Amino acid sequence: ADDSGDEEPASQSDKSELHGPLKTLSSKLEDLSTCNELIAKHGAALQRSLSELENLRLPADSGEKIKAVNERATLFRITSNAMINACRDFLDLAESHSRKWQRLLQHEREQRIRLEETIEQLAKQHNSLERACRGAPGLAAGSAGSASTAKGSVPSAKGEASDEDEETEYFDAMEDAPAFITVTADPKHHRRSGSNLSGASEGHPEDWNLEDSVFESSNQSSYNESMGRDLLPRKRRRSRIPDKPNYSLNLWSIMKNCIGKELSKIPMPVNFNEPLSMLQRLTEDLEYHELLDKAVKCESSTEQMCFVAAFSVSSYSTTVHRTAKPFNPLLGETFELDRLEELGFRSLCEQVSHHPPAAAHHVYSRRGWTLWQEITIASKFRGKYLSIMPLGAIHLEFHSSGNHYVWRKVTSTVHNIIVGKLWIDQSGEIEIVNHKSKDKCQLKFTPYSYFSRDVPRKVTGVVSDADGKAHYVMSGTWDEKMECSKIIHSSHGSTSTEGKQKTVYQTLSPKVLWRKYPLPENAENMYFFSELALTLNEPEERVAPTDSRLRPDQRLMENGRWDEANVEKQRLEEKQRAVRRRREAEAVEALEEGKDYEGYTPLWFERRADAVTGELICVYKGGYWEAKDRQDWSVCPDIF
């Protein structure tokens with residue numbers, strides 16, 4: 001049943017729908033019982049008539065025939081009796097089950113009515129609460145991640161925060177960390193003991209110590225001025241693409257055959273896509289690369305971890321409105337983003353495997369960091385929602401300090417696939433580990449809940465050193481901003497209802513480390529692309545012939561020619577399947593001849609064990625940018 005519709009007259013129609021089949025079944029059972037009685041009655045009469053006929057004096061040949069008929073009648077009587085007994089058993093069973101079904105249906109009807117009444121009551125309460133919040137400006141929520149001050153609700157005797165204090169933000173408990181509460185404190189008195197927490201007051205952005213120079217330089221314009229002097233002026237790039245055509249499509253007619261299947265194996269029309277490939281979407285993680293440029297300047301590894309954590313969250317900001325599916329890259333497809341002269345980095349992605357789909361990514365920045373990853377996307381369509389699970393670790397190394405950070409992405413879920421407006425959510429946990437200093441940051445992405453008091457898309461976390469001592473609290477939302485609060489005192493608070501002990505962190509005022517850029521004008525008609533996303537598919541000279549910018553079906557879709565794009569997409573996929581069949585035939589032939597068959601090997605990456613994690617990962621082996629300088633693309637396959 002569709003749980004989103006209005007069903008006022010449901011009770012009467014449901015009764016008729018339920019009682020109708022039951023009444024029909026009951027009448028059919030009565031007819032069957034009558035037939036049973038008639039067969040028994042007429043069968044017995046036929047048996048008597050044949051017995052009487054056999055006792056009469058008739059010619060010899062007639063007697064033999066009557067005897068044969070009598071034997072057949074006996075067989076018919078035995079068969080009829082067996083059928084009658086089976087019918088009687090079925091009748092008894094059907095009658096008992098009929099009563100059981102009626103009771104079950106009545107129970108389900110009552111449960112449904114109670115549920116509808118409960119939901120209606122909750123909706124009314126929700127509306128009244130919203131009106132009350134709008135009518136009380138004093139209770140309006142502040143920024144997404146900043147914790148409110150506890151005003152006298154913290155007991156002065158033991159320094160424990162009260163669970164009843166509605167103005168203190170309570171962070172949800174994480175699996176591997178205790179629940180915690182943050183209280184913004186006055187830095188002038190930050191050395192006071194836990195027994196004096198009740199005096200905590202709202203801090204100001206200027207209250208942080210001046211030695212935190214990198215945090216103080218978070219002003220975007222001044223930072224870019226200081227870092228950008230040695231770089232060339234930015235090249236003028238496009239700021240818009242053709243508007244998305246308004247094509248209608250019956251989603252269910254396609255999706256009903258896809259339930260439970262691996263999404264990468266389903267032939268999908270471009271109507272569900274956006275004109276970017278998965279390689280380009282992966283490159284979009286670099287939109288807020290300046291966070292890593294700032295992290296290079298950090299002297300403290302825990303400070304640096306804060307910027308790395310903000311960077312790991314920032315990669316999800318582009319997904320909040322981006323519910324369309326990127327193109328699955330073809331095997332051997334590449335994408336380069338060379339911003340070395342403008343922004344200080346150059347990036348290269350390559351599709352290194354098709355089943356399962358896997359992409360390798362390498363970024364070098366002349367500002368002092370290198371990032372690499374191999375991501376395999378596992379996705380399942382579950383009927384109402386689509387789960388996207390990125391598998392694989394992201395590595396980040398800073399050149400001067402040697403700090404090596406590793407983390408993994410969380411699960412993305414696209415809701416309302418069949419009915420309603422599509423929306424996307426991120427949920428799960430990210431553990432960022434500095435393998436040199438052993439610092440850790442545990443970030444929790446809280447899944448959306450209709451009944452939750454939390455800010456939607458909330459992210460919280462704690463940065464701690466190798467000894468487990470907490471230094472910073474991270475808070476914010478993955479679609480807007482991330483803030484960092486310096487911890488000046490921590491104490492054990494009360495025990496939560498789940499039995500976990502809360503930790504109370506007394507912090508200075510939060511500082512904004514990252515804030516999402518506003519979307520370009522008319523973004524809603526351009527697939528909600530950011531400024532960077534608009535430039536990713538812009539045609540460029542001197543790129544490899546396998547570059548995503550040269551993919552014809554993607555280019556046709558961007559230009560609004562979707563029907564032609566669908567035809568071209570099918571051609572490319574069939575061409576790729578033919579290459580795979582040829583490769584499989586070569587493998588079989590080599591096996592028969594007793595020879596080794598290497599299979600597909602990536603062009604610019606090679607698989608080897610990672611020195612830190614020990615996992616097999618595709619890493620950049622070099623040669624691409626040199627080949628670009630020479631314009632020698634002879635190793636590139638013809639995939640388009």
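The values are calculated or read from the model by the stated rules, or taken from the named source; none is laboratory data. Remember, predicted model here, so these are calculated numbers, not experimental data. As a convention, Cβ positions derive from the backbone with ideal geometry for all residues, glycine included, and neighbour counts pool all protein chains shown. The accessibility values were calculated without ligands, DNA or RNA, using every heavy atom of the protein model including side chains. Shrake-Rupley method; radii C 1.70, N 1.55, O 1.52, S 1.80 Å.
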For residue 107, solvent-accessible area (1.4 Å; no DNA, RNA or ligand), Å²: 90 Å²
Sequence-separation-based contact order of segment 251-630, relative, with Cα cut under 8 Å and 6+ spacing, percent: 15 percent
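Between residue 340 and residue 76, what is 0.36 nm times their sequence separation minus the Cα-Cα distance? Round to one decimal in nm.
On the way: separation 264, 0.36 × 264 = 95.04 nm, distance 9.47 nm.
Going from the current span to full extension adds 85.6 nm.
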J(HN,Hα) series, segment 295-309, from Karplus relation 6.51 cos²θ - 1.76 cosθ + 1.60, nearest Hz, glycine and proline x: 4, 4, 7, 6, 8, 8, 5, 6, 4, 4, 4, 4, 5, 5, 5
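Is there a quick way to get the dipole size of segment 490-640? I mean about its Cα centre, with the Cβ of Lys and Arg at +1 and of Asp and Glu at -1; what is the value in debye to the nearest 20?
Details: 24 positive and 29 negative charges, 152 e Å.
Computed about the Cα centre, the dipole is about 720 debye.
How long is the gain from residue 611 to residue 32 if the chain were fully straight, where each residue apart is worth 0.36 nm and the alpha carbon distance is subtracted? Write down the numbers at each step before the final one.
Numbers: separation 579, 0.36 × 579 = 208.44 nm, distance 7.76 nm.
200.7 nm is the gain from fully extending residue 611 to residue 32.
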Sulfur and carbon atoms: percent of accessible area, segment 251-630 [1.4 Å]: 51 percent
Per-residue ³J(HN,Hα) for segment 474-484, Karplus 6.51 cos²θ - 1.76 cosθ + 1.60, θ = phi - 60°, Hz, x for Gly and Pro: 9, 8, x, 9, 6, 10, 9, 6, 10, 10, 10
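What full-extension length gain, to one decimal in nm, is calculated for residue 239 and residue 638 as 0.36 nm per residue of separation minus the Cα-Cα distance? Before the final figure, lay out the partial values.
Values: separation 399, 0.36 × 399 = 143.64 nm, distance 3.09 nm.
Roughly 140.5 nm would be gained on extension.
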Per-residue ³J(HN,Hα) for segment 386-396, Karplus 6.51 cos²θ - 1.76 cosθ + 1.60, θ = phi - 60°, Hz, x for Gly and Pro: 10, 9, 10, 10, x, 10, x, 9, 9, 10, 9
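For a Förster distance of 25 Å, can you work out the FRET efficiency between the beta-carbons of residue 123 and residue 419, rounded to the nearest 0.05?
On the way: r = 18 Å, r/R0 = 0.73.
It comes out at approximately 0.85.
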Computed E for residue 299/residue 411 - FRET, C-beta separation, R0 45 angstrom, nearest 0.05: 0.80
Using a Förster distance of 51 Å, the FRET efficiency for residue 621-residue 492 (Cβ separation, nearest 0.05): 0.50
Estimated distance in nm for a label pair at residue 631 and residue 116, the labels positioned 7 Å out from Cα along Cα-to-Cβ: 7.2 nm
Extreme residue, positive dipole direction of segment 251-630, given options 543, 332, 289 (C-beta unit charges): 289
